[in-house]
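This report refers to the structure that appears directly beneath it.
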Amino acid sequence: MAIPSAHPSFQGRIGRTITESEPWFEEHPHAPPAAPNVVFVLLDDTGFAQFGCFGSDIDTPHVDALAANGVQFTNYHVAPLCSPTRASLLTGRAQHAVGMRSVANFQTGFPHQIGHITNHAATIAEVLGARGYATFGAGKWHLAPTQDCSAAGPFDQWPLGRGFHRFYGFLEGETDQFFPELVADNHPIDPPGRPEDGYHLSEDLVDQLLQMINNSKGVRPDRPFFAYLPFGATHAPHQAPPEYLAKYRSRYDEGWDVVRQRWYDRQLELGVIPPHTVLAPRNPGVKPWDELSLNEQKLACRLQEAFAAFLDHTDDQIGRFVAGLEHLGLLDDTIFIVMADNGASQEGGLFGVMHEFKFFNGLPESVDEVVEHLDDIGGPKSHTNYPWGWAQCGNSPFRWYKQNTHEGGVHVPMVVHWPAGIAADQRGTKRSQFVNVSDVTPTLYELLGVTPPESFRGMDQLPVTGSSFASVLANPGAPATNTLQYFENSGSRALVALLDDIWWKAVIRHVPGDDFDTEQWELFDLGADPSECNDLAGDQPERLTELIGLWWAEAERHGVLPLDDRGIGLFAAPLRENSPHPSSRRYLYRPPMSRIPSQASPSAGGRMFDLVARVSRQAGEDGVIWATGSAGAGVSAFVQNERLVVDYNAFADHTIVESSIEVPEGDCELSVRFRRTEGAGGIVELGVDGQPAGEAELPFMMRMISSLGASIGLDYGSTVSERYEGSFPFAGTLHEVEINLAARTAADIAATARAEMARQ
C-alpha cells in the first residue's frame, strides 16, 4: 500500500517499510554537455573610436587581439545612459519596458522608471542559472534602487537577487578606483588593499572573477558559466597606476583637432566606418585647439592622458582575464563579448575638471590654479573628467555625447570572440549590420538553444523583444535582423528604420522644458551620412513625419510614455517612513556599522544639521566619531588629544576647529552644529556635555560634498582630514550618533541632481 508523501514533487513510492518503497532523487537542471561559456565585458563611457581597433592610438592590444580573432561589430547601438543599457543587455528587452528609462537613482511612480529591472523580465543570469549554468558578476551593478544599496538592504534587486550566484563589485553609478565602496555577494566589505600597496579596482575585479570561475570549474568542470564583467572604467574618475600615466605623457600635446583627424583617418583605413563618412564638425562649445590658452591646453592634455592610461590599464586587465580562461583551457569554447554602455561622457564640461564636485557646487576651477597640481591627475587625490573636445574625439566621427540620442551617445564598439563557434575564415572580419543592445541576449539564447520562459518564479514574463543576430555573426552577407529601433533619454528621442532599402534616422536633442510637440526633429540617411551631418528634414518632410509616427508607435509598444524630462527634483531623496530617510529627518546610528552609501546617508551637503554623539572613553582614547566624503572633500568629527575636532574639508581648503573644553573621561555627549550664514558661508559650533566649546566660520559651505557616503566610528577610504592617518577608529565606546537635518533648499536639490547625473 502506497502512503501519500508530504512533498508534492516526490515521484517515488512510499510504503510502510523500505522494502515496500521506491526512492526518487530530484535532478538539478544541467546545461547540455557541449554548452559554451558566456562572458560579457562591459566598459563604461567608452566612445566608438577609443579602442585601438576602432581607430584610436590608445594601446588596447588585448581587445584588438579579440577583434582580430573574432568579429568586430561597427554598427552597434545602445541606450544613451548606463542603467538603461545594462537593463536592456541583461534582459533582451527595451529598457523602458523593464522599468529603467533612466538611472537607478530614483523612481517616478510610472512603470518605465521603477529604479530596477521589473521581476517580469528575467535576466540572462536568472535564465541560464535555471538551466544549470554557474553565474558570476564582478564590477558595476547600478540596477538596484540606490537607497537600497546599504547593508540594510533590501537585497532583492542586488545581483544575487537577480540570478547571480556570486558578485563582487559596487552597486552605484561610479566609485573611486583606489578607494572603492565594495560589496561581496550581499554584504559590504573593505577593499583588500590601498593605493600605496598597488591596489586598483580593475585588477581586483579580474582577480575575484577568475577565482569564482576557478572555484566552480575546479569542483564542477562539467558546469558552464556565465560571467559578467562590467568595469568601473572608463567612467570618471579617470584613475590609473603611475606607470600607465607616465606612458602617455605628452602623447596628446598636438590637441584634439589634430588627434581627432588622425583617429578618423585611421578609422577609414581600418574600415570601421564607410569610406564616404564625413568627420562631424566640432560640437557647440568645443573650441578650436589653438584658441585655448597654454594652461587650458596643459590641463586638457593631462586629463586626456589620464583617460588613455585608464583605458590602457583596463585593456591589460581584460588581457589577464583572457589569459586566465586560456590557462584553464576554456577560451576557445567561450562566447566572449566586449562592448561599451554608451558614448564618451560630456560631464567634464568645456575645460575638464580636476575636482568634479567643485563644478557641482558652482565653483568653477581656475585653470591657472589647477595646472599647479597636474601631477595629481589620474591618481588617488583626483576626481577628474576630461573636456568636451576629447570626449568628441573619443566619439569620432560622430556628433554629441553620452546622454544624447545622436550617434555620439548611442553608437559604440562591440567585439565578439568565439573560436569554437566562428568559422576560421570569418575571424578578423567586420559586421556593419545594425545591431542594438537589446539584441545581444536573444542572440545568446539562440546560440545556446534556450527558450526564454513565459513564467519565472511565478511571475508572468514580458516578451523578449530584441532580435537575434546569430545569422549575421555567422554570415557577413546576412541582412540585419533589427530594422526598427527607438531611442529615448529624458525627452531626447530617435528612431532608426529601414524603409525602401534606406536606413533612416529621425532624431531630436531635447532641451528640458522645451515643448515636445513643437521642437524640431532632424532627419538623416545613415547609409549616405553615417555621422549625421546632412539634415534632410527640410527636403523630405513626409519621410520625417512617417518616422515620427513610427517613433510614437514604438514608444507605446515598449512603454516609453509618458515622456519625462524632469531631472533636478527626481534626485532628491524622498522623505518617507519605512525608508532610509524618515520624514522626521532624524537619523540614529549605533556602531559597529558598515559604511553607508551616499544615497542612503543623511544628505549633509549645504544643510543645517545637528550631530550629537554619546561616548564613553578614558584618557587617550581618540578617534573618528563620524565622517563623510573623502580626501578630496568631506567633513570629519573626531576626538584627538582630548579635544573634539571638526575638519571641514572644502576641496582641500580645510577649516579646523578644536573644542576649548577637554573631552572628559567617562560618559560624555559631544555635539556639532552646522548653520548657514549670509551668502555661501556657514558656521560650525562645538559642544561638550551641553557647554559651548568653540566655533569657526566656514568660508564656503558645500552643497554637494562627495559621491562617497558616511562612516560611523571611523573614516572609511581616503581620509577626510590630514590630522590623522588611516581610518582612525574611535578607541573608546561610541554608543550612538544622532543626526537631525534641516529642510533642503531648491539650490541644494539642484546641486545634488547635477552631481548624480554625472555619476551615471
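Out of (1) modelled with pLDDT under 95; (2) more than 29 Å from SER630 (Cα to Cα); (3) not hydrophobic (A, V, I, L, M, F, W, C), the odd one out for GLY163 is which?
Just one mismatch for GLY163, condition (1).
Looking at (1) in a helix (DSSP H, G or I); (2) in contact with a Phe, Trp or Tyr (Cβ under 6 Å, 6 or more places away or on another chain), can you tell me which one PHE226 breaks?
Tallying (1) in a helix (DSSP H, G or I); (2) in contact with a Phe, Trp or Tyr (Cβ under 6 Å, 6 or more places away or on another chain), PHE226 fails exactly one: (1).
Could you list, in sequence order, the residues of the stretch 707-760 that are more than 17 Å from VAL646 (Cβ to Cβ), open to solvent by less than 50 Å² (accessible area, probe 1.4 Å), at pLDDT 95 or above and part of a loop (DSSP other than H, G, I, E, B)?
SER727, GLY732
Could you tell me how many of the residues in the stretch 347-392 are open to solvent by 40 Å² or more (accessible area, probe 1.4 Å) and either within 30 Å of GLU532 (Cα to Cα) or aliphatic (A, V, I, L, M) (or both)?
Selection size over the stretch 347-392: 4.
Restricting to the stretch 66-91, and then to whatever is more than 23 Å from the chain's Cα centre (by Cα) and part of a loop (DSSP other than H, G, I, E, B), can you tell me which residue is farthest from LEU160 (Cα to Cα)?
Only one residue tops the list, namely ASN69.
Are any residues in the stretch 390-406 assigned to a loop (DSSP other than H, G, I, E, B) and out of contact with any Leu (no Cβ under 8 Å at 6 or more places or on another chain), and if so, which ones?
Matches in the stretch 390-406: ASN395, PHE398, ARG399, TRP400, TYR401, ASN404, THR405, HIS406.
Please find, among PHE155, PHE178, the residue that is under 22 Å from LEU210 (Cβ atoms) and touching a residue at least 24 places away in the same chain (Cβ under 8 Å).
Just a single option satisfies the conditions, and that option is PHE178.
Does any residue in the stretch 336-358 that is within 20 Å of PRO380 (Cα to Cα) come within less than 6 Å, Cβ to Cβ, of a residue that is of a type in the set (Phe, Trp, Tyr) and open to solvent by 10 Å² or more (accessible area, probe 1.4 Å) six or more places away or on a different chain, and which pairs are these?
Filtered contacts from the stretch 336-358: VAL353/PHE359; HIS355/PHE651; LYS358/PHE651.
Looking at the stretch 273-284, I want the residues that are without any contact (Cβ under 8 Å) to a residue 12 or more places away in the chain and have a partner that is not in a loop (DSSP other than H, G, I, E, B) with Cβ atoms under 7 Å, at least 6 apart or on another chain. Which pairs are those?
Close Cβ pairs (under 7 Å, with a partner that is not in a loop (DSSP other than H, G, I, E, B)) amount to PRO275/LEU268.
Looking at this structure, is ARG595 in contact with a strand residue (DSSP E or B) (Cβ under 7 Å, 6 or more places away or on another chain), surrounded by 17 or more Cβ atoms within 10 Å (Cβ to Cβ), in contact (Cβ under 8 Å) with a residue 12 or more places away in the chain and under 26 Å from HIS142 (Cα atoms)?
yes
Find the residue count for the stretch 135-169, including only residues that are over 18 Å from the mean Cα position of the chain (by Cα), surrounded by fewer than 24 Cβ atoms within 10 Å (Cβ to Cβ) and either of a type in the set (Ser, Thr, Tyr) or in a strand (DSSP E or B) (or both).
So the count comes out to 1.
Restricting to the stretch 341-367, what's the tally of residues that are over 22 Å from LEU245 (Cβ atoms) and among the charged types (D, E, K, R)?
Here the count works out to 1.
Does the stretch 295-313 include one or more residues that are open to solvent by 60 Å² or more (accessible area, probe 1.4 Å) and over 21 Å from the mean Cα position of the chain (by Cα)?
yes
Identify, from the list GLN267, GLN317, the residue that is of a type in the set (S, T, N, Q), in a helix (DSSP H, G or I) and farther than 30 Å from HIS200 by Cα.
Answer to the selection: GLN267.
When the residues of the stretch 552-592 are filtered to those that are at pLDDT 90 or above and of a type in the set (Phe, Trp, Tyr), which remaining residue is surrounded by the fewest Cβ atoms within 10 Å (Cβ to Cβ)?
So, considering only residues that are at pLDDT 90 or above and of a type in the set (Phe, Trp, Tyr), the one surrounded by the fewest Cβ atoms within 10 Å (Cβ to Cβ) is TRP552.
Please determine whether any residue of the stretch 464-474 is assigned to a loop (DSSP other than H, G, I, E, B), touching a Pro at 6+ places or on another chain (Cβ under 8 Å), of a type outside the set (Phe, Trp, Tyr) and over 21 Å from ASN342 (Cα atoms).
Scanning the stretch 464-474 turns up at least one residue that is assigned to a loop (DSSP other than H, G, I, E, B), touching a Pro at 6+ places or on another chain (Cβ under 8 Å), of a type outside the set (Phe, Trp, Tyr) and over 21 Å from ASN342 (Cα atoms).
So MET339 ticks every box in (1) at pLDDT below 95; (2) in a strand (DSSP E or B) but one. Which box is left unticked?
The one condition MET339 does not meet is (1).
Is the stretch 520-542 home to any residue that is assigned to a helix (DSSP H, G or I), open to solvent by less than 70 Å² (accessible area, probe 1.4 Å) and either more than 21 Å from GLN403 (Cβ to Cβ) or modelled with pLDDT under 95 (or both)?
Yes, the stretch 520-542 has at least one match.
Name the single residue, out of those in the stretch 7-58 being over 30 Å from SER531 (Cβ atoms) and of a type in the set (D, E, K, R), that is surrounded by the fewest Cβ atoms within 10 Å (Cβ to Cβ).
The residue in question is GLU27.
Let me confirm something: among GLY70, GLY55, GLY129, which residue is at pLDDT 95 or above and at positive phi?
Just a single option satisfies the conditions, and that option is GLY55.
Within the stretch 617-651, which residues are touching a residue at least 60 places away in the same chain (Cβ under 8 Å), surrounded by fewer than 24 Cβ atoms within 10 Å (Cβ to Cβ) and part of a loop (DSSP other than H, G, I, E, B)?
Result: GLN618, GLY620, GLU621, ASP622, ALA631, PHE651.
Only one residue in ASN186, ASN215 is open to solvent by 10 Å² or more (accessible area, probe 1.4 Å), over 30 Å from TRP390 (Cα atoms), free of Cβ contacts under 8 Å to residues at least 40 places away in the same chain and in contact with a Gly (Cβ under 9 Å, 6 or more places away or on another chain), so which one is that?
After applying the criteria, what remains is ASN186.
Is it the case, given these coordinates, that ARG614 is open to solvent by 40 Å² or more (accessible area, probe 1.4 Å), more than 22 Å from PHE170 (Cβ to Cβ) and in contact with a Leu (Cβ under 6 Å, 6 or more places away or on another chain)?
no
The values are calculated or read from the model by the stated rules, or taken from the named source; none is laboratory data. Values in this document were obtained by computation on a predicted structure and should not be read as measured data. Methodologically, a virtual Cβ is constructed for each residue, glycine included, from the backbone with ideal geometry; neighbour enumeration extends over all protein chains shown. Keep in mind that these areas ignore ligands, DNA and RNA; they rest on the heavy atoms of the full protein, side chains included. Shrake-Rupley method; radii C 1.70, N 1.55, O 1.52, S 1.80 Å.
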